[in-house]
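The next block holds one structure in the form of structure tokens; read it before the comments.
The values are calculated or read from the model by the stated rules, or taken from the named source; none is laboratory data. Quick caveat, the model's predicted, so the values are computed rather than measured. Cβ placement follows ideal geometry from the backbone for every residue including glycine, while neighbour counts extend to all protein chains displayed. Accessible surface is based on the protein model in full, side chains and every heavy atom, while ligands, DNA and RNA are left aside. Shrake-Rupley method; radii C 1.70, N 1.55, O 1.52, S 1.80 Å.
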Amino acid sequence: MSKKRNVTFVGLGTMGYPMAGHLSRSELFNVSVFNRTSEKSAQWGEAYEGRVALTIEDAVKDADVVITCTGRDEDMMEIVFSDDGMMPYLKKGSIFIDHTTTSFKLAKHLNESLKDKNISFIDAPVSGGEAGAINGVLSVMAGGDAHILDACDSIIKTYSKSITLMGDSGSGQLAKMVNQICIAGLLQGLSEGLLFAESENLNMDKLLSAISGGAAQSWQMVNRGKTMHQREFDFGFAIKWMVKDLGYCLDQADGNNTKLTFTQEVYDRYTNLMDKGHTYSDTSALMMFDELNK
Ligand SMILES: NC(=O)c1ccc[n+]([C@@H]2O[C@H](COP(=O)([O-])OP(=O)(O)OC[C@H]3O[C@@H](n4cnc5c(N)ncnc54)[C@H](OP(=O)(O)O)[C@@H]3O)[C@@H](O)[C@H]2O)c1
């Protein structure tokens with residue numbers, strides 16, 4: 001019988017908490033977790049089977065696979081490279097999977113730095129939101145070596161419904177950027193459509209039912225159309241995360257000569273909405289822009 005692999009999940013936030021929970025249900029691994037704020041990891045330890053590590057050293061030193069899901073580039077830099085970071089304790093020959101949505105540059109930097117220690121890196125941002133994490137049906141876009149991703153398939157599958165290897169290191173993050181660029185433009189279109197419908201006093205239930213099965217159909221229309229009309233934004237994917245993600249897209253586009261005209265416009269609208277108190281509102285609050293800027 002083959003030995004169980006030690007897998008450590010770092011970052012028990014909105015996404016990481018349920019993802020690590022799915023992982024802990026697998027009989028194939030010895031699961032450990034670590035979170036900067038220890039109350040959250042203690043709570044996780046009460047809800048799931050698994051070892052709760054109290055220091056980053058204890059969390060990663062015996063791990064065959066380390067998985068991170070933190071906030072942004074700066075967080076990954078801190079958690080890996082700072083004086084209190086995990087770099088000195090990572091095991092030679094181990095695998096490092098990062099589910100954080102970061103820049104392409106950060107993914108490349110992690111890959112290069114870890115390679116020097118004979119550690120294989122996969123950038124693996126996710127799509128599907130909190131509901132996708134809770135239900136274990138995330139979509140994962142990965143960059144790295146095929147044989148390394150294959151070796152992690154049974155791990156990632158515990159919380160995802162699809163895993164796509166996009167290509168070399170960093171290309172998972174590039175795919176996630178495309179995802180965010182598409183959502184930004186789509187939400188602006190959806191906002192304008194719904195505001196137009198409201199001005200014409202169209203019945204919103206009938207309208208959404210009429211058009212959400214046709215060519216204008218989208219996840220956002222199906223899952224957010226009604227709540228946008230009801231001006232409910234206190235849930236979902238926070239604008240602050242979208243601003244971070246679109247910032248990475250705009251930065252990347254600067255280097256590859258793509259004109260992201262609408263993405264830039266939506267980015268500016270979101271930063272304006274953050275100034276107006278919508279930092280933690282769902283990204284569908286984009287439809288409030290004109291109302292708040294009269
Ligand atoms: N939420 C979504 O719907 C969604 C969907 C797709 C992708 N994503 C992406 O997934 C990632 C995680 O999102 P989330 O919603 O789970 O975020 P979150 O709830 O804010 O959780 C972030 C986690 O990272 C930890 N962390 C952050 N900075 C750290 C640092 N410097 N050192 C150590 N730990 C640190 C936090 O620890 P503490 O508990 O100590 O703060 C927390 O466990 C982000 O990159 C986000 O863009 C999110």
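Figures for the structure shown
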read-out: Of the criteria (1) more than 25 Å from Thr102 (Cα to Cα); (2) open to solvent by less than 70 Å² (accessible area, probe 1.4 Å), which one Gln230 fails; value: (2)
read-out: Some residue of the stretch 59-82 being aliphatic (A, V, I, L, M), surrounded by fewer than 17 Cβ atoms within 10 Å (Cβ to Cβ), within 15 Å of the ligand (Cβ to nearest atom) and over 18 Å from Leu138 (Cβ atoms); value: yes
read-out: Where a residue in the stretch 27-55 is closer than 17 Å to Ile79 by Cα and its partner, wherever it lies, is open to solvent by 20 Å² or more (accessible area, probe 1.4 Å) and part of a strand (DSSP E or B), with Cβ under 6 Å and at least six apart; value: Ser32/Arg51; Val33/Val52; Ser41/Val52; Ala53/Phe34
read-out: Any hit, the stretch 207-217, residues being within 15 Å of the ligand (Cβ to nearest atom) and either open to solvent by 40 Å² or more (accessible area, probe 1.4 Å) or not hydroxyl-bearing (Ser, Thr, Tyr) (or both); value: no
read-out: Checklist (1) open to solvent by 10 Å² or more (accessible area, probe 1.4 Å); (2) under 21 Å from Lys161 (Cα atoms); (3) in a loop (DSSP other than H, G, I, E, B) applied to Arg36, failing item; value: (2)
read-out: Matching option when the condition is within 19 Å of Cys152 (Cβ to Cβ) and among the charged types (D, E, K, R), among Asp73, Asp58, Asp62, Asp116; value: Asp62
read-out: Tally, over the stretch 262-294, of residues that are open to solvent by less than 20 Å² (accessible area, probe 1.4 Å) and part of a helix (DSSP H, G or I); value: 9
read-out: Positions within the stretch 108-155 being among the hydroxyl-bearing types (Ser, Thr, Tyr) and either more than 16 Å from the ligand (Cβ to nearest atom) or touching a Cys at 6+ places or on another chain (Cβ under 6 Å) (or both), in sequence order; value: Ser113, Ser120, Ser154
read-out: Some residue of the stretch 83-95 being loosely packed, with under 15 Cβ neighbours inside 10 Å, in a helix (DSSP H, G or I) and near the ligand (Cβ under 9 Å from one of its atoms); value: no
read-out: Criterion violated by Met19 - all others in (1) in a helix (DSSP H, G or I); (2) touching a Leu at 6+ places or on another chain (Cβ under 7 Å) satisfied; value: (2)
read-out: Any hit, the stretch 220-240, residues being hydroxyl-bearing (Ser, Thr, Tyr) and more than 13 Å from the ligand (Cβ to nearest atom); value: yes
read-out: Pick from the stretch 112-138, criterion part of a loop (DSSP other than H, G, I, E, B) and at positive phi, ranking: surrounded by the most Cβ atoms within 10 Å (Cβ to Cβ); value: Gly128
read-out: Residue within the stretch 197-210 that is closer than 19 Å to Arg269 by Cβ and part of a helix (DSSP H, G or I) present; value: yes
read-out: Residues that are surrounded by fewer than 23 Cβ atoms within 10 Å (Cβ to Cβ) and of a type in the set (Gly, Ala, Ser), drawn from the stretch 139-159; value: Ser139, Ala146, Ala151, Ser154
read-out: Members of the stretch 57-101 found to be hydroxyl-bearing (Ser, Thr, Tyr) and touching a strand residue (DSSP E or B) at 6+ places or on another chain (Cβ under 7 Å), listed by number; value: Thr68, Ser94, Thr100
read-out: Asn203 vs. criteria more than 24 Å from Val126 (Cβ to Cβ), surrounded by fewer than 18 Cβ atoms within 10 Å (Cβ to Cβ) and touching a Phe, Trp or Tyr at 6+ places or on another chain (Cβ under 8 Å); value: no
read-out: Hits in the stretch 209-232 (condition: within 22 Å of Gly132 (Cβ to Cβ), free of Cβ contacts under 8 Å to residues at least 24 places away in the same chain and in contact with a Leu (Cβ under 9 Å, 6 or more places away or on another chain)); value: Trp219, Val222, Lys226
